[in-house]
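Note sheet for the following structure.
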Amino acid sequence: MTTVVFDTDCVLCSGWVHRLIRYERAPTMRFVSAWSDEGLALASGFGMTADDLDETFLVVQAGKPLTHSDAALALLAELRVPWRWATALRVIPRRWRNAVYSLVAGNRYRWFGHQTQCFVPPADQAHRFVSGPGRPE
């Protein structure tokens, strides 16, 4: 099972989760709000803070934490074709991939928006989400 800890207040991040659900090969992902007690505790278990989660999302696969572009590529590998083909981006050096990732992550609210209401999972997928509040103010 893959666990995805993501920013439920971010329009880009929430859209990404909806696409993961729609295109995954098998329904094996579990989703956790980065700002929930569960999300913060999971991140803390891997040495990450809330500030870290503001810069990246966390993917846990087989007990191994992945962040930044490595996390995105790991999730793309779990999708159906043609989305899975994007894993070819792995040939780009990690520091370049992460630079682009950080540019987008640092501007995600400005470019894509910030939700005032927390992410609401699709009703038929709610069992795959650990519920939790949005970002603490």
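The values are calculated or read from the model by the stated rules, or taken from the named source; none is laboratory data. Keep in mind the model is a prediction, meaning the values are calculated, not measured. Glycine gets a Cβ as well: all are built from the backbone with ideal geometry, and neighbour counts include every protein chain shown. Side chains included, ligands, DNA and RNA excluded: accessible areas come from the protein's heavy atoms. Shrake-Rupley method; radii C 1.70, N 1.55, O 1.52, S 1.80 Å.
Miscellaneous remarks
- If you sort the three axes of the alpha carbon gyration tensor as a ≥ b ≥ c, you get a/c of 1.5 or more for the stretch 54-129 and a/b no higher than b/c, which makes it oblate.
- DSSP H segments from the chain that extend 15 Å or more along their own axis, Cα-based, with Kyte-Doolittle mean of 0.5 or above: 11-23
- Longest site-free stretch - the chain; sites: trypsin sites (Lys or Arg not before Pro), DSSP loop, at most 13 other Cβ within 10 Å: 81-137
- For the chain, the Kirkwood estimate of the hydrodynamic radius, built from every pair of different alpha carbons, is 15.1 Å.
- Over the stretch 15-134, accessible surface divided per residue gives 58 Å², non-protein components excluded, 1.4 Å probe.
- Euclidean distance between Cα centres, the stretch 39-59 to the stretch 4-24, Å: 16 Å
- Label positions at ASP37 and TRP111, each projected 7 Å from the Cα along the C-beta direction, are separated by 3.6 nm.
- For the chain, built as a Gaussian network whose Cα springs stay under 10 Å, the top-fluctuating residue of SER69, SER14, SER44: SER44
- Net charge over other residues, Cβ less than 13 angstrom from the Cβ of LEU79 (K, R count +1; D, E count -1): +3
- The coefficient of translational diffusion for the stretch 16-62, derived via Stokes-Einstein from the alpha carbon Kirkwood radius under 37 °C and 0.692 mPa s, stands at 281 µm²/s.
- Note on the chain: dipole from Cβ charges, positive end direction compared against LEU73, MET48, GLY113; the farthest Cα belongs to LEU73.
- Per-residue ellipticity at 222 nm from helix content only, as computed over the chain with -39500 (n - 2.57) for each DSSP H run of at least four residues, stands at -12000 deg cm²/dmol.
- What the Cβ-Cβ distance of SER102 and GLN125 gives, at R0 = 35 Å and to the nearest 0.05, is a FRET efficiency of 0.75.
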